[in-house]
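Asker: To start, I am sharing the structure in question, which I have written as structure tokens.
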Amino acid sequence: MSLLRLEHVSAFYGPSQALFDVSLRLDQGEVVALMGRNGMGKTTTIKVICRMLKHRGGAVMLDGQDMARWPSYRAARAGLGLVPEGRRCFPNLTVRENLIAPARPGPWTLRRVFEFFPRLGERAGQMAVSLSGGEQQMLAIGRALMTNPRILILDEATEGLAPVIRKEIWAAIAELKRDTGLAILVVDKSLRELSRVADRGVILERGRSVWGGGFDRLDADKRDRYLGV
Amino acid sequence: MRRETLINTILTLGLLAVPLVAWAMDETYAITLATEVVILALAGVGLNLALGLGGLVSLGHAMFFGIGGYAAGILASHAQSYDPIMEWPFLIEGTQSMPVIWLLAIVASALVALATGALSLRTSGVYFIMITLAFGQMFYYFTISWPAYGGEDGLSIYVRDRFPGLNTLDPIQFFGLCFVLLMVCLFIVARLSRSGFGLALNAARQNETRVRAVGIEPYRLRLMAFVISGAITGLAGALYADLNRFVSPVMFSWHTSGEIMVFVILGGVARLFGPVAGAALFIILEEALDGVSDYWHIYLGALLLIVVLFARGGLIGLLAGRNGGGGHD
């Protein structure tokens, strides 16, 4: 049984349909890349998974449990750790406070997060709003880890960051995969980095999952047609 | 030492020094004024937990202030008349023991906060303000039409309630008691605001959606904060009843709710000692301007406007710097 499974999911923003037929699965210890051009439904899919948006059709299952009626906090408590697009740290809390506020018991503690991202440890008493973009991204990942998730969901985690910081974030994701066995669902535009870190990929096109599989099977035609690269 | 900590220390020492000097000079009135500052500050500390940390703009906190006051008034009046509160199914008599009265005031205020908060917190923004105002006014009109306890005329406490080992009729001893309670509550609120609960509450004020996404349910957090906030304000109400030896429906009125909010805003929303500074400033202004004009509230209104427009961290924020409190912006 998959840890997370979406089957033929459809979802709407008011009267406007954003997802038509999205299916994907994520197994324990696996890294899956969710890909597609802008506006194809990647973030909407993540919102549905995290219950920030209710789906209307299909099924969203975590560990075989139907999440249809779950509020977002229940999904998070059940083990979904979201690193949202645009970081969204709590600006008026310090780094330490941002990490303590959502903390739940488990292997990820404040100390371990500071070991994982030493730069956060150095800035522990600093207000989140005063951090650089890269540091805020580390904080967003650290905050998600402090909830001790079973699945880490990264939505555009490297967007708008300097190349050197991007490299650090990708190294951190690779380290998480290697050392923790955490299931990771990652959305990003860098196909090169995704193919290095992810075990499989799923492509969304106009609210539909149109392709899924290993990166060795992602031919030039599909890259061009669905990803524009 | 952080600048805000220094200011808080100076405020505490000042609050302690004024009545001690007055005591040495046998100026009882000044001690009573200082006691009033302490009690009103305590009411503000309660509101500040909900308003400053939780972002809950409650215009019904007079409800808890009044419940605390009436808990003290009702228990004391029955103790004085030797008339039990109820005889069936079990006997409940009045008491003049402050610890028992405080406990009852805290429990009653907390229970009412739980019930009213459970309903009010399902709304937000202006609806939350209006529903808390409505609850407060319900209690106000109920006490007006409650002849058993004085109705509109209120209820007198002929002799101040007692505390073991102290002579509460001595103004300086009563001040000391209130001061200790204020410090205990400030300590509790300071610890709470730095705990996971307080940080999550603060985070929920900043971004509710994000807080839900990390597994925190804001409703429960806010309800807990509202209950603790109500309990602290209720305790202040019980002390206020003993200070004046009188309770009346005015304690429940929206005017009282507004005044408590003014203490918090004047001193600094989300600043630990904001309500202390606000209550002190309010009483000083009242004393200084009351002699100048009957309409001294006009000057208070102007000051409030200045604070809201130019010093959003209140008096503490003005002195300590904008982000010193780490809370409300």
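Asker: Calculate the spin-label point distance for A:GLU115 paired with B:VAL159, positioning each point 7 Å from the Cα along the beta-carbon direction, and give it in nanometres.
Answerer: My value for the distance between the label points is 6.6 nm.
Asker: Spelling out what I want: for every residue of region A:189-198, take phi, set θ = phi - 60°, compute 6.51 cos²θ - 1.76 cosθ + 1.60 (Karplus), and round to whole Hz; glycine and proline get x.
Answerer: Computed from phi, the couplings for region A:189-198 are 9, 7, 4, 4, 5, 4, 5, 6, 8, 7 Hz.
Asker: Whose amide H sits under 5 Å from the amide H of B:PHE246, counting only residues 5 or more places off or on another chain, with H placed in the peptide plane?
Answerer: So B:PHE246 has HN proximity to B:ILE157.
Asker: Could you pull the Cα extents of region A:15-97 along its three principal axes, largest to smallest, in whole Å?
Answerer: So the extents along the principal axes, rounded to whole Å, are 41, 30, 29.
Asker: How many nm is it between the label spots at A:ARG196 and B:LEU309, if each spot is 7 Å from the Cα in line with the beta carbon?
Answerer: Spacing of the two 7 Å Cα→Cβ label points: 5.7 nm.
Asker: Across peptide A:88-99, what mean number of C-beta atoms from other chains lies inside 10 Å of a residue's C-beta?
Answerer: Mean inter-chain Cβ contacts per residue within 10 Å come to 5.
Asker: Could you order the peptides B:128-135, B:165-172, B:196-203 from most to least packed, using the average number of other C-beta atoms within 10 Å per residue?
Answerer: Final packing ranking: B:196-203, B:128-135, B:165-172.
Asker: Work out the mean other chain Cβ neighbour count within 10 Å for the residues of A:138-148 and drop it here as an integer.
Answerer: Across A:138-148, the average partner-chain Cβ count within 10 Å equals 1.
Asker: Moving on. For A:LYS54, which lysines qualify as cross-link partners when the Cα separation must be under 25 Å and same-chain residues fewer than eight apart are set aside?
Answerer: A:LYS42
Asker: Mind ranking B:12-23, B:27-38, B:283-294 by how tightly packed they are, going by the mean number of other C-beta atoms within 10 angstrom, highest first?
Answerer: Listed from highest to lowest mean packing, they are B:27-38, B:12-23, B:283-294.
Asker: Normalised by the number of residues in region A:4-227, what is the relative contact order in percent for Cα pairs under 8 Å and 6+ residues apart?
Answerer: After rounding, I find 30 percent.
Asker: Continuing with the same structure: Hey, fewest Cβ within 10 Å first, where do B:ARG271, B:ARG162 land in order?
Answerer: By the 10 Å Cβ count, ascending, the order reads B:ARG162, B:ARG271.
Asker: Can you give me the C-alpha center-to-center distance between region B:279-324 and region B:110-177, rounded to a whole angstrom?
Answerer: Centre-to-centre (Cα) distance: 25 Å.
Asker: Right, something else. Give me Rg over Rh for chain B, both radii from the alpha carbons and Rh done the Kirkwood way, two decimal places.
Answerer: Ratio value, two decimals: 0.97.
Asker: Under 5 Å between amide hydrogens, which residues at least 5 positions from A:GLU205 or on another chain qualify, with H placed 1.01 Å from N in the peptide plane?
Answerer: Under 5 Å from the amide H of A:GLU205 lie the amide H atoms of A:VAL210, each far enough along the sequence or on another chain.
Asker: Let me ask something additional. Using Cα pairs under 8 angstrom and six or more residues apart, how large is the relative contact order of region B:3-320, in percent?
Answerer: 33
Asker: Out of the trypsin sites (Lys or Arg not before Pro) in region A:69-148, which ones are loop residues according to DSSP with at most 10 other C-beta atoms within 10 Å?
Answerer: Passing both the DSSP loop test and the Cβ count: A:ARG69.
Asker: Still on this structure, please answer the following. Residues of A:75-82, mean number of Cβ from any other protein chain within 10 Å of their own Cβ, rounded to a whole number?
Answerer: That works out to 3 on average.
Asker: Additional query: Ranked from highest to lowest mean number of other Cβ atoms within 10 Å per residue, what is the order of the peptides A:42-54, A:188-200?
Answerer: Top of the packing list down: A:42-54, A:188-200.
Asker: If Lys and Arg each add +1 and Asp and Glu each add -1, what is the summed charge of the other residues whose beta carbon sits under 12 Å from the beta carbon of A:LYS189?
Answerer: -2
Asker: Mind checking which of A:ASP219, A:ASP155, A:ASP66 has the largest fluctuation in a GNM of chain A, springs on alpha carbons under 10 Å?
Answerer: Top of the fluctuation ranking is A:ASP219.
Each reported figure results from applying straightforward, stated rules to the coordinates on display, with no laboratory input. On a predicted model such as this, the values are computed, not experimentally measured, just so you know. FYI the Cβ positions are ideal-geometry reconstructions off the backbone, even for glycines, and counts take in every protein chain you see.
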